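The values are calculated or read from the model by the stated rules, or taken from the named source; none is laboratory data. Note that the coordinates shown come from a computational prediction; the quantities given were computed from them, not determined experimentally. For neighbour counting, all protein chains shown are included, and Cβ atoms are generated from backbone atoms with ideal geometry for every residue, glycine included.
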Amino acid sequence: MRRKTAIILIFLFFAWEPFALRAVAFGEAKDSGFSFLKFGMGARAVGMGGAFVAQSAEVTSAWWNPAGLSGIERMHFSFTHNQWFQDITAEYFASAMNFKGPANVLGLSIALTKIPDIEMRREAPSSEPVALFDAHDAVFGFTYASQIVNKVDLGITAKWLYEKIDIHSASGLGFDLGGIYSPLENLRFGLAVLNLGQKMKFETERFFLPTLYRVGGMYLVERKSLHSDFMFGLDLVKPRDEEVKIHLGGEVCLYQALKTRLGYQGGYDDKDLSFGLGTTFRKYGIGYSLDYAYLPHSSDLGNVHSVSLKIEMK
């Protein structure tokens, strides 16, 4: 059964990738919609600069690499609130549970964003807007991750996307594919292709999803004498319609309770450093994690604040 699942996941990965690469090569993808899919979800990942493609056994990994759900035991939940620039808000819920051992995991995720008070103006110049309206986005994802062979995890997410601007709307299907290879217990490499799908239509305009190609690694250093862990991550990200970006991140965990994070995103015009804090504790046999991330923007748009609560039922 596991071998059959592995063959299906590998086929899907290599069947979809050429179509996405062809769109990039022939310049068919310069116009993309659902731009919020490029943003980060989960305060831990945001605090680490989005260097998260190789992170495993983490419920918010469904946003970054579906293979990252592999290794989760029993049930995990995560709730994230993002306060983005220009009063844009985003809510993200992710859940995952294993079956037939931690090698097989199912996940469900929901992301909702809102852009309030967009001004509607007439074609002729005017000092006052004719009206105000909101824009809404929604993503409902279903993820399956599996350890197909020793040290190799694969995952796939199927998601339904919906966007509404004033009275106009668009919807469609998208897919995420990913894999993680762990040659050592403390070293992992990840690869993911996110937001794959055919062209979508918004009124009379047709557009592609903002496909992202992510590849990277993560290295963990344990210092038992200091009761501390040090984690370092590096991601290279190629958006469908932009140049390659670099994401660096680190996390220091003291006494398995207090966590501090620092991240860097290179290749962007208005952002680079990010910062994060977190704490973990257990009560009545349930694990809790509370994380915060701060991502400043150099432009006048404002800054990003992200808060996440994770619950692990082990």
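So Trp84 passes all but one of these: (1) at pLDDT below 90; (2) surrounded by 20 or more Cβ atoms within 10 Å (Cβ to Cβ); (3) more than 25 Å from Tyr162 (Cα to Cα). Which condition number does it fail?
(3)
Find the strands (runs of 3 or more DSSP E) located wholly in the range 249-314 whose residues include 3 or more that are under 18 Å from Gln83 (Cα atoms) and either at pLDDT 95 or above or touching a Phe, Trp or Tyr at 6+ places or on another chain (Cβ under 7 Å) (or both), and list them.
273-283, 286-295, 304-313
Condition check ((1) crowded, with 16+ Cβ neighbours inside 10 Å; (2) within 13 Å of Leu161 (Cα to Cα); (3) within 15 Å of the chain's Cα centre (by Cα)) across all residues:
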| site | (1), (2), (3) |
| --- | --- |
| Leu177 | yes, no, yes |
| Glu185 | no, no, no |
| Lys201 | no, yes, no |
| Gly217 | yes, no, no |
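Cβ-Cβ distance below 7 Å, separation of 6 or more or different chains: which pairs start in the range 96-121 with a residue that is more than 18 Å from Phe175 (Cα to Cα) and end on one that is basic (Lys, Arg)?
Going by the 7 Å Cβ cut-off, the qualifying pairs are Met97/Arg74; Asn98/Arg74.
If you check Leu209 against the conditions, is it modelled with pLDDT of 90 or more and closer than 21 Å to Ile110 by Cα?
yes
Looking at the structure I just gave you, is Val105 of a type in the set (A, V, I, L, M, F, W, C), part of a strand (DSSP E or B), closer than 23 Å to Val215 by Cβ and touching a Phe, Trp or Tyr at 6+ places or on another chain (Cβ under 6 Å)?
No, not satisfied.
In the range 43-64, what residues are more than 18 Å from Glu91 (Cβ to Cβ), in contact (Cβ under 8 Å) with a residue 60 or more places away in the chain and of a type in the set (D, E, K, R)?
Residues satisfying the conditions do not exist here.
All but one of (1) at pLDDT 95 or above; (2) touching a helix residue (DSSP H, G or I) at 6+ places or on another chain (Cβ under 8 Å) hold for Pro183; which doesn't?
Failing condition for Pro183: (2).
Regarding Ile148, is this residue surrounded by 13 or more Cβ atoms within 10 Å (Cβ to Cβ), β-branched (Val, Ile, Thr) and either at pLDDT 95 or above or under 23 Å from Phe79 (Cβ atoms) (or both)?
Considered against the rule, which asks whether it is surrounded by 13 or more Cβ atoms within 10 Å (Cβ to Cβ), β-branched (Val, Ile, Thr) and either at pLDDT 95 or above or under 23 Å from Phe79 (Cβ atoms) (or both), Ile148 comes out as no.
Looking only at residues in the range 32-75 that are of a type in the set (S, T, N, Q) and surrounded by fewer than 24 Cβ atoms within 10 Å (Cβ to Cβ), which one is farthest from Glu243 (Cα to Cα)?
Ser56
Does Ser78 satisfy the condition of being surrounded by 14 or more Cβ atoms within 10 Å (Cβ to Cβ), in a strand (DSSP E or B) and not β-branched (Val, Ile, Thr)?
Considered against the rule, which asks whether it is surrounded by 14 or more Cβ atoms within 10 Å (Cβ to Cβ), in a strand (DSSP E or B) and not β-branched (Val, Ile, Thr), Ser78 comes out as yes.
Just checking, which of Ala67, Ala51, Ala96, Ala29 is in contact with a strand residue (DSSP E or B) (Cβ under 9 Å, 6 or more places away or on another chain), under 26 Å from Phe275 (Cβ atoms) and either at pLDDT 95 or above or not polar (S, T, N, Q) (or both)?
Just a single option satisfies the conditions, and that option is Ala51.
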